[in-house]
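Asker: Here you go, one structure.
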Amino acid sequence: MPDSLVLVTDAEGVRRITVNRPDKLNALNAATLDALQAAFDAAAADAAVRVVVLTGAGPKAFVAGADIAEMADLRATEGRDFSLRGQKLMRSIEKLPKPVIAMVNGFALGGGLELAMACHLRIAADTAKVGQPEINLGLIPGFGGSQRLLRLAGRSATLELCLLGAPVTAERALKLGIVTRVVPVAELEVETAKIAAQLAASAPLALRATLDAVNVGGECSIEEGLQYETAQFGLMFATDDMREGTRAFIERRKPAFTGR
Ligand code: COA
């Protein structure tokens, strides 16, 4: 029985999804993309899951890229299909109706950085290195990297990372706006767990509306984005959680959100 390509565990509303090919630095082959797609589809459908933490097995890598050995012999149409498979996964992570945290425990290169960028928050170990080295293979990013890095960090950083292909440190990635936070590697688990616990106790419908508003706003005019925000804001007044959150503030107690 081969080891699972993706490991899934649950604890107190936090679903942890681990890419599990440590001997290949968690490189994404087609089977691993499919296993990740199934894991994220299941997380989206399960109301008990409030937040997802995504990471890579082993001490060295989050994900060191798309699987180069698998790509080496692909024909053009197969390369296109591999790109579409990866892009579909990244898009479904980005559009998941609950927050996804990438716990970047080492190399996040190529498809690995693309995977991390599709997540909503990126907590990186100070030892992590991130980059888009596809150019060194005669390739370009194929799982959305040229587009998400551009939106996250701007044209200058995107062209530097994609044209030169050299990885940058976690600290530099933080300065460029690519990662959310950098923590000492020994504290990565505990710091990520704290953020995950905060999100797991937060109001699920408001989290979802926030993700929706930011996703929509990234792709439309300011007028359309503002209208969308207003619609989502208004919708929150129909939720029990909004009544609970405002009452708890007035009564000086912690809110107990139910997701209704
Ligand atoms: N695809 C397939 N296999 C990969 C891989 C990838 N993207 N990245 C690492 N591996 C494999 C290596 O081939 C090696 O396998 P082997 O032991 O069977 O030979 C194993 O993972 C360990 O990698 P190794 O290169 O020996 O580790 P290292 O510590 O010397 O170097 C890296 C680490 C990340 C610098 C190096 O593995 C690397 O450059 N990987 C490719 C990064 C890349 O170009 N990603 C974008 C792909 S589009």
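All of the numbers you see were taken from the coordinates with simple rules; none came from a lab. Remember, predicted model here, so these are calculated numbers, not experimental data. Cβ placement follows ideal geometry from the backbone for every residue including glycine, while neighbour counts extend to all protein chains displayed.
Asker: What does the convex hull of the Cα atoms of the chain come to per residue, in Å³, rounded to a whole number? Provide the component values of the computation, followed by the final result.
Answerer: Values: hull volume 37.2 nm³, N = 260.
In the chain, the Cα convex hull volume per residue is 143 Å³.
Asker: Further question: At 0.36 nm per residue, minus the direct Cα-Cα distance, what do residue 11 and residue 155 gain on full extension? Give it in nm, one decimal, please.
Answerer: Values: separation 144, 0.36 × 144 = 51.84 nm, distance 3.93 nm.
Additional length available on full extension: 47.9 nm.
Asker: About its Cα centre, what dipole magnitude does the chain give when the only charges are +1 on Lys and Arg Cβ and -1 on Asp and Glu Cβ, stated in debye to the nearest 20?
Answerer: The calculation lands at about 480 debye.
Asker: Right, another one. Which net charge results when you count Lys and Arg as +1 and Asp and Glu as -1 among the other residues whose beta-carbon is under 14 Å from that of residue 44?
Answerer: +3
Asker: Separate question: Enter the angle in degrees (range 0 to 90, nearest 10) between the Cα long axis of helix 188-200 and the first principal axis of the Cα atoms of the chain, meaning the one along which they spread out most.
Answerer: Its long axis makes an angle of about 40 degrees.
Asker: Just to be sure I understand the model, the point goes 7 Å from the Cα along the line to the Cβ. What's the resulting residue 258 to residue 140 distance in nm?
Answerer: With each label point 7 Å from Cα toward Cβ, the separation is 5.2 nm.
Asker: Is it possible to state the helix-based mean residue ellipticity at 222 nm for the chain, with each DSSP H run of 4+ residues giving -39500 (n - 2.57), the sum divided by total residues, to the nearest 500 deg cm²/dmol? What is it?
Answerer: -15000 deg cm²/dmol
Asker: While we're here: Determine the shape class of segment 150-251: with a ≥ b ≥ c the square roots of the Cα gyration tensor eigenvalues, call it rounded for a/c under 1.5, and otherwise prolate if a/b is greater than b/c, oblate otherwise.
Answerer: oblate
Asker: Taking neighbour counts of Cβ atoms within 10 Å as a proxy for exposure, in what order, fewest first, do 98, 254 appear? Don't skip to the answer; put the middle values down first.
Answerer: Values: 98 21, 254 9.
So the ranking, lowest neighbour count to highest, is 254, 98.
Asker: How big is the antiparallel share of DSSP beta bridges in segment 99-202, given as a percent to the nearest 5?
Answerer: Taking every DSSP beta bridge with both residues in segment 99-202, the antiparallel ones total about 20 percent.
Asker: Suppose R0 equals 22 Å. What FRET efficiency, 1/(1 + (r/R0)^6) with r the Cβ-Cβ distance, do residue 68 and residue 169 give to the nearest 0.05?
Answerer: Computed FRET efficiency for residue 68 and residue 169 comes out at 0.45.
Asker: When DSSP beta bridges are limited to those with both residues in segment 6-200, what percentage is antiparallel, rounded to the nearest 5? Mind dumping the intermediate values first?
Answerer: Details: 8 of 29 bridges.
In segment 6-200, DSSP labels about 30 percent of beta bridges as antiparallel.
Asker: Still on this structure, please answer the following. Listing 117, 236, 71 from the residue with the fewest other Cβ atoms within 10 Å to the one with the most, what is the order?
Answerer: Least to most surrounded, the residues fall as 236, 71, 117.
Asker: Using alpha-carbon pairs under 8 Å, 6+ residues apart, how would you state the relative contact order of the chain in percent?
Answerer: Numbers: 465 pairs, mean separation 40.4, N = 260.
In percent, rounded to a whole number, it is 16.
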